[in-house]
Amino acid sequence: MTAPSPPTDRVVAVVELLAAAPAPVTVAEITARLDLNRSTATAVLGALEASGWVRRDPADRTYTLGPGLLGVAGAVHAKLAPADPVGAELRGLAERIGCGVALSEVGTRQITFLAVAGGPDALPSGIGVGTRLPLRPPGGAAAMPWRPQADQDAWLAAAPAEHRPALAALLRLTAEHGVALWRPAAEHGRLLGVLRDVVALLDEHPGRAELRTRVLDQLVAIAGHAYTAADLADPGPLPLSYLSAPVFDRAGRARHELQIGPLRAAVPHAERAHYIAELRASAARLTEGMA
């Protein structure tokens with residue numbers, strides 16, 4: 001894996017801060033939120049201003065995103081953003097099942113959320129369009145059975161050794177049924193609520209993006225304990241954090257995951273079947289659309 005580049009990370013952080021800010025910001029605000037010294041922030045802003053990526057108001061010396069990003073944004077939207085029918089499909093699914101829905105792109109190193117449709121609960125809390133998470137268990141489980149064996153092995157190797165047999169069984173189950181189901185760890189029930197609140201608070205502080213990603217990653221890991229076929233045969237209510245299904249591109253590659261997040265402590269068997277049926281149907285329609 002390529003070593004991180006702090007100078008590049010600072011440029012990315014400044015652009016993301018300006019993109020998220022509801023109003024123009026000053027150098028002082030940027031340095032405070034991103035923990036940068038003033039000379040570094042000024043140098044980054046100067047380079048971005050020269051390229052047109054940011055615009056400086058000479059009157060009050062505040063910064064906003066500049067018109068130089070319009071071409072970049074248009075190209076990104078054309079290549080990566082879901083078409084409106086995708087958004088309509090996600091919104092319809094959220095309405096039918098009454099919980100949050102998300103479509104993510106599963107890359108080789110990270111998962112990027114491309115579209116989110118709201119329900120009574122977020123999916124999981126803190127996830128929004130553009131959120132990036134490292135590609136490691138439990139993330140990417142729905143797409144992984146259709147990846148090369150070397151990719152599957154690397155994915156499993158990123159999990160604690162004691163979890164790998166269950167995750168390998170999950171990949172087989174997902175390949176057979178086309179859906180993965182997850183539950184929260186019983187001993188972490190209270191911690192889930194605390195972490196969700198922390199993610200919400202960190203949303204207000206762009207300078208804490210790295211910490212937010214770490215907390216969110218931990219939240220996903222706590223909520224993501226895989227169910228087995230034997231577990232799902234239980235006729236009684238079961239806790240259910242979220243479900244995921246693969247979405248295939250025109251070449252038959254599992255490039256995306258469709259996820260729903262009930263985040264419920266007890267889901268009756270009939271409702272679990274309803275979730276699974278709706279998720280599969282929406283994933284199939286999205287696959288057909290992408291083809």
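What ranking do 251-259, 65-73 get when scored by the average of other Cβ atoms within 10 Å per residue, highest first? Provide the component values of the computation, followed by the final result.
On the way: 251-259: 19.2, 65-73: 13.6.
Most protected by this proxy first, the peptides run 251-259, 65-73.
Hey, what did segment 6-71 get for relative contact order, percent, Cα under 8 Å, at least 6 apart?
Working: 67 pairs, mean separation 20.5, N = 66.
Rounded, it is 31 percent for segment 6-71.
Order these peptides, 40-51, 170-181, by their mean beta-carbon neighbour count within 10 angstrom, highest first. Don't skip to the end; give the middle numbers.
Details: 40-51: 15.8, 170-181: 19.1.
So the order, starting with the most tightly packed, is 170-181, 40-51.
If packing is taken as the mean number of other Cβ atoms within 10 Å per residue, what is the order of 230-238, 264-272, highest first?
On the way: 230-238: 11.3, 264-272: 14.4.
The peptides rank, most packed first, as 264-272, 230-238.
Read-outs: derived from the displayed coordinates by stated rules, not from any lab. Quantities reported herein were computed from a predicted structural model and do not represent experimental measurements. A quick note on method: Cβ atoms are made from the backbone with ideal geometry, for glycine too, and the neighbour counts reach across all protein chains shown.
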